[in-house]
Amino acid sequence: MSLFVLLGAIGTSATVAGAAATSTSDPKPTPASTPKRWDARIAPIAHEVENLRKLEFEHPVAVEFLGEAAFEKRVAVDKGKLSASDKRSAERSQSQLRAVGLIGPDVDLLEATSSLQQSGVLAYYEDATKKITVKGKNADDVTTRVTLAHELTHALQDQHFDLTALQRDAVKTHSTTVLRTVIEGDAVRIQNSYVDSLSKADRTSYAAALAQQGSDARTEQTDAGVPESLSVIYEAPYDLGPIMLDAVLADRQEAGINELFRDPPTSDSAYLTPSTLLDDTKLSTIATPKLRAGETRSGRADSFGAFALYQVLASRIDPATALAAADGWGGDAMITFTKGGTTCLRSNFVGRDRAKTAAIGAALSQWAAAMPAGSANVEDGTGIVLTACDPGAAGTEAPNRALAALVLAVTRDGLFLEVVKQGAPVRVAVCTSDTLVRDPVFSPILQAAVDDPSASPDADELDAIRERVPTVFRDCSAKRRA
């Protein structure tokens, strides 16, 4: 979805989200000089990343350490350097986000994007310059070492798979968000494995620092007025990406991970519903919706996507209903247009079968009824056609918390992964994870995760879930045999 592309295409990023934004009005970045040997502080981390990723660096990577003020200035969005095209794109994306109810009328998208980058980023790798830039001067700090493992994974990806070329190709197929999720998911899983290799004292120190950084980032974003929906757009690749990559690893081993880079998925259903990646689900090619009288196209045709559909639906209807509908996504095509000075979008959705198409239509109709009067319309066509227009000052921020929806998807996908790791067929893993995450015994854990993402689940609640798992798994296995 183009409104997600603006936020997701800032660059290949670090730890929480974001990276240095390079405006099209800036001079073309110059690649950093390739060092002849590794910085002695970086070398041990780089060698461990090679071991964990099972790839070797072709050459050392330049690393620059910046003071906090200089770093935050580097990653901030400088409105003064944006081209006219950049500004039009930002305005269009802001109107699109308002049209689908993810932000209210008073949100400045560029300011929110800048706040997200400054509050959450500890380092970044830029494939244009081939350099890692780190916030702070202390390379020995455990948090910095873990962050470097993440960024060095990006450099390793670039040396073997050419991130610039991948991103260029992804633009053509409207798949920059899913590519970003593959890239970040791979880096997070290596980062996590690196943490596992540390001493117990370092792991404890890192866990405490990570929890504090997450809390500080959320506070900064709240104080800056960043909507939760935008924070979730940034966070999703880091939370859902590793699960997708680990599911592929369990099913197809390391070769499957590398294949994701050689032939990346083009649909974000790959990370929202990873079973579609493992069972090679076939998606439909949908014709771009036609403009109607008085409508003028704005920007290129695009795709709404399964994850955007989920986030939009969950903003105003029950997240479990939204997830079930988005899981059935089989393809869409979207166009943005203006009519009477108002920006609107129209997307044609189909499910992977008739029942799934009908479920998408029912969920969208329920969602549209909760939107400002007259701003959204759902009708039948070759699939389900959604038309949504920017309500302007009449718009309201989403009443449901986006974080709760993300936690639901992450928890469900995490359960799916664990069942796949046990060697269960994909259909059984899907049934088991979908059933468990909707079981009443799971509600307290989901709510606790929303209230405090860094908190450990209650032991009694975990025991209750463990008691349910064998029964659910047996029932799902029996359904498959029936």
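Results, tabulated for the structure shown:
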item	result
Lone qualifier among Ser365, Ser347 - being part of a strand (DSSP E or B) and within 22 Å of Ala402 (Cα to Cα)	Ser347
Out of Glu64, Glu56, Glu72, sole residue that is more than 16 Å from Ile233 (Cα to Cα) and either assigned to a strand (DSSP E or B) or hydroxyl-bearing (Ser, Thr, Tyr) (or both)	Glu64
Yes/no for Ala293 being exposed (fewer than 12 other Cβ atoms within 10 Å of the Cβ) and of a type in the set (A, V, I, L, M, F, W, C)	yes
Count - residues of region 245-281 that are in contact (Cβ under 8 Å) with a residue 40 or more places away in the chain and among the basic types (Lys, Arg)	1
For Ala393: the one exception among (1) touching a Cys at 6+ places or on another chain (Cβ under 9 Å); (2) in contact (Cβ under 8 Å) with a residue 60 or more places away in the chain	(1)
Filter pass, Phe307 being among the aromatic types (Phe, Trp, Tyr), surrounded by fewer than 24 Cβ atoms within 10 Å (Cβ to Cβ) and outside the structural domain of Leu245 (by TED's automatic domain parsing)	no
Among residues of region 271-315, those that are over 30 Å from Glu418 (Cβ atoms), among the polar types (S, T, N, Q) and not in a loop (DSSP other than H, G, I, E, B), counted	1
Elements of type helices (runs of 4 or more DSSP H) in region 387-466, at least 1 residues being over 23 Å from Glu235 (Cβ atoms) and of a type in the set (Lys, Arg)	402-421, 426-437
Residue among Gly256, Gly241, Gly225 that alone is assigned by TED's automatic domain parsing to the domain that holds His160, over 27 Å from Thr113 (Cβ atoms) and not aliphatic (A, V, I, L, M)	Gly256
Any chance Ala324 is surrounded by fewer than 22 Cβ atoms within 10 Å (Cβ to Cβ), over 27 Å from Ser175 (Cβ atoms) and of a type in the set (A, V, I, L, M, F, W, C)	no
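The values are calculated or read from the model by the stated rules, or taken from the named source; none is laboratory data. All values derive from a computational prediction rather than experimental measurement. Positions of Cβ are generated from backbone atoms using ideal geometry, with glycine treated the same way; all protein chains shown enter the neighbour counts.
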